[in-house]
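Chemist: There's a structure below that I have some questions on.
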Amino acid sequence: MSVKSYSPPSPPPLTPSMVQSNNVRTQAKIQAATQVLNNVPATQTVAPQIMMSANGATASTTIANTPSELLSAFECPVCMDYMLPPYLQCPSGHLVCGNCRPKVTCCPSCRGPVPSIRNLAMERIAQTLIFPCKYAPSGCSKQFQAQEKTEHEEICEHRPYSCPCPGAACKWHGSLTEVMTHLVRQHKSITTLQGEDIVFLATDITLPGAVDWVMMQNCFNCFFMLVLEKQDKSEHQSSNNNQQMFYAVVQLIGTKKEAENFIYRLELSSRRRRLSFEGTPRSIHEGVAASITQSDCLCFDTNQAQLFSENGNLGINVTIQKAAPLEQTP
C-alpha cells in the first residue's frame with residue numbers, strides 16, 4: 001500500500017521535562033498491556049503470565065492465545081501488520097516498525113518528530129506473545145512467535161496468488177480459486193490443449209530480445225501452465241553477443257502440496273537427437289523465476305534450439321503423469 005509522506009516543521013529539541021513525560025507514557029503503555037494480560041478470562045487456554053523482574057526483564061514464557069486487545073497494541077500504523085523489532089517510537093510514545101521507519105518523514109500518528117527512540121520494553125513483551133499469520137483472513141490458522149512469523153508468511157499457502165503469466169504487465173492478485181477465471185477473462189490469447197501428452201509449439205523462436213511463449217494443458221482435472229522463456233545470458237556475451245538461453249517450465253495451477261502428486265517430462269527430438277528433462281511441476285505460487293534460478297527446468301541455448309527447430313518453430317513434447325506414492329520406510 002502507498003504511504004503518505006508528511007513534511008512537518010522542524011521539531012523543537014527535547015527538554016528534560018519532555019523526556020520525563022515520554023518515560024511516563026511508555027510506562028503507562030506497558031502497564032496497560034500488562035493489565036490486559038491479567039484480565040484474561042480463566043476459561044481461556046493461557047500459559048503462565050508474563051512476570052516482570054525489577055530490572056525490566058521478562059520471563060521466558062509465552063501466551064498461547066494472546067488476547068486481541070493486547071495484539072492491537074503491536075500493530076504498526078503504517079503497514080497495519082504486527083510489528084517486528086526494532087520498535088521505534090516518537091517522543092509522544094507512538095510506535096512504528098523497523099521496516100516502515102525509513103518510509104516516513106514524521107510520526108504517522110501525531111505528525112510529530114520521526115520515531116527514533118528504541119522501545120526495548122515493548123520488544124521484550126512481544127517476545128512472549130503468539131501472533132497469528134497475516135493471512136489468517138484467507139484461512140491460515142497457524143500462529144507463531146514474532147521471529148518465526150515472517151518466515152512462515154513467505155511460504156504460506158494462503159497468501160494471495162499473483163498472475164502466473166510471465167512478465168510484469170499484469171499486476172493481478174487473488175485467491176487460488178480465482179486464478180483460472182482471471183486467465184480466461186484477461187489472457188484470452190492463451191491456448192489450452194487437452195490430454196496428458198501434447199506438443200507445445202513455440203513459433204518464431206528467432207525473434208530478437210527476451211520472449212515468452214505460454215500454453216495451458218488440461219489433464220487429471222487440473223490445469224498446468226507451460227512456459228518457454230528466452231533470456232539473454234550475459235556471462236556468454238563476451239564470446240557470442242547473440243548467445244541466449246531458453247527455459248521450459250511446467251507449473252500447476254494449484255498448491256505446492258498438490259503439485260507433488262504429478263511428474264512431467266519435456267522432450268525435444270529431431271534428426272536422431274533427443275534432449276529431455278523430468279521433474280515435479282512447481283506451484284504457480286513459486287513462480288517461473290524460482291525454477292529458472294534453481295535450473296529446475298529444461299534449459300538449452302540458441303545453438304541447441306536451432307538443432308531441434310524447423311523453420312523457426314520449436315515443438316516440445318509435454319507428458320504429465322501421476323507420481324507414484326513414496327514408499328514409507330519402516
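The values are calculated or read from the model by the stated rules, or taken from the named source; none is laboratory data. Keep in mind it's a predicted model, so treat the numbers as computed, not measured. All Cβ positions, even for glycine, are placed from backbone atoms using ideal geometry, and neighbour counts span all protein chains on display. These accessible areas exclude ligands, DNA and RNA; they are computed on the full protein's heavy atoms, side chains included. Shrake-Rupley method; radii C 1.70, N 1.55, O 1.52, S 1.80 Å.
Chemist: Calculate one ³J(HN,Hα) per residue across the stretch 218-230 by plugging θ = phi - 60° into the Karplus curve 6.51 cos²θ - 1.76 cosθ + 1.60, and present them in order as whole Hz with x for glycine and proline.
Modeler: The phi angles translate into 10, 7, 6, 6, 10, 10, 10, 9, 9, 10, 10, 10, 10 Hz.
Chemist: Let me check against my output: what whole-number percent is the relative contact order of the stretch 82-181, with C-alpha pairs under 8 Å and at least 6 apart?
Modeler: Working: 132 pairs, mean separation 17.6, N = 100.
Answer for the stretch 82-181 is 18 percent.
Chemist: Residues with beta-carbon under 15 Å from that of residue 180, excluding residue 180: net charge, scoring Lys, Arg +1 and Asp, Glu -1?
Modeler: Numbers: positive: 185, 188; negative: 178, 258.
Summing Lys and Arg as +1 and Asp and Glu as -1 gives 0.
Chemist: Count charges around residue 202 for me, please; just the other residues with Cβ under 13 Å from its Cβ, Lys/Arg as +1, Asp/Glu as -1.
Modeler: Numbers: positive: 230; negative: 204, 212, 229, 310.
It works out to a net charge of -3.
Chemist: Rolling a 1.4 Å sphere over the protein heavy atoms, what is the accessible area per residue of the stretch 80-121, to the nearest Å²? Write out the running numbers ahead of the final one.
Modeler: On the way: 1860 Å² over 42 residues.
On a per-residue basis, the stretch 80-121 sits at 44 Å².
Chemist: Between their Cα atoms, which of 134/230; 142/188; 142/257; 103/230 are more than 28 Å away from each other? Before the final figure, lay out each step's value.
Modeler: Values: 134/230 36 Å; 142/188 37 Å; 142/257 17 Å; 103/230 36 Å.
134/230; 142/188; 103/230, as the Cα separations exceed 28 Å there.
Chemist: Could I ask something else about it? Give the long-range amide H neighbours of residue 112: residues separated by 5 or more places, or on another chain, with amide H under 5 Å away, using H modelled in the peptide plane at 1.01 Å from N.
Modeler: HN-HN under 5 Å from residue 112: 107.
Chemist: Further question: In whole Å, how far is the Cα centre of the stretch 276-330 from that of the stretch 100-130?
Modeler: Distance between centres, Cα-based: 47 Å.
Chemist: Carbon and sulfur: what percent of the stretch 103-205's accessible surface (1.4 Å probe)?
Modeler: On the way: 2920 of 5860 Å².
About 50 percent, which is the carbon plus sulfur part of the accessible surface.
Chemist: Taking 0.36 nm per residue of sequence separation and subtracting the Cα-Cα distance, how much length would be gained by fully extending the chain between residue 324 and residue 187, in nm to one decimal? Don't jump to the answer; show the numbers that get you there.
Modeler: Values: separation 137, 0.36 × 137 = 49.32 nm, distance 3.35 nm.
Contour length minus the Cα-Cα distance gives 46.0 nm.
Chemist: Sticking with this one: So how do 180-189, 261-270 stack up, highest first, on mean other-Cβ count within 10 Å?
Modeler: Going by the mean number of other Cβ atoms within 10 Å, highest first, we get 261-270, 180-189.
Chemist: Taking amide H positions as placed 1.01 Å from N in the peptide plane, with prolines and chain starts having none, which residues 5 or more places from residue 193, or on another chain, fall under 5 Å of its amide H?
Modeler: Correct list: 216, 217, 218.
Chemist: Can you run phi through the Karplus equation (6.51, -1.76, 1.60; θ = phi - 60°) for the stretch 281-286 and list ³J(HN,Hα) in whole Hz, with x for Gly and Pro?
Modeler: Going residue by residue, I get x, 8, 6, 5, 5, 7 Hz, with x marking Gly and Pro.
Chemist: Any idea how far apart residue 118 and residue 271 come out in nm if each label point goes 7 Å out from Cα toward Cβ?
Modeler: 6.7
Chemist: Would you pull out the residues with amide H under 5 Å of residue 301's amide H, same chain only if 5 or more places away, H placed 1.01 Å from N?
Modeler: Those qualifying (amide H under 5 Å, at least 5 residues apart or on another chain) are 246.
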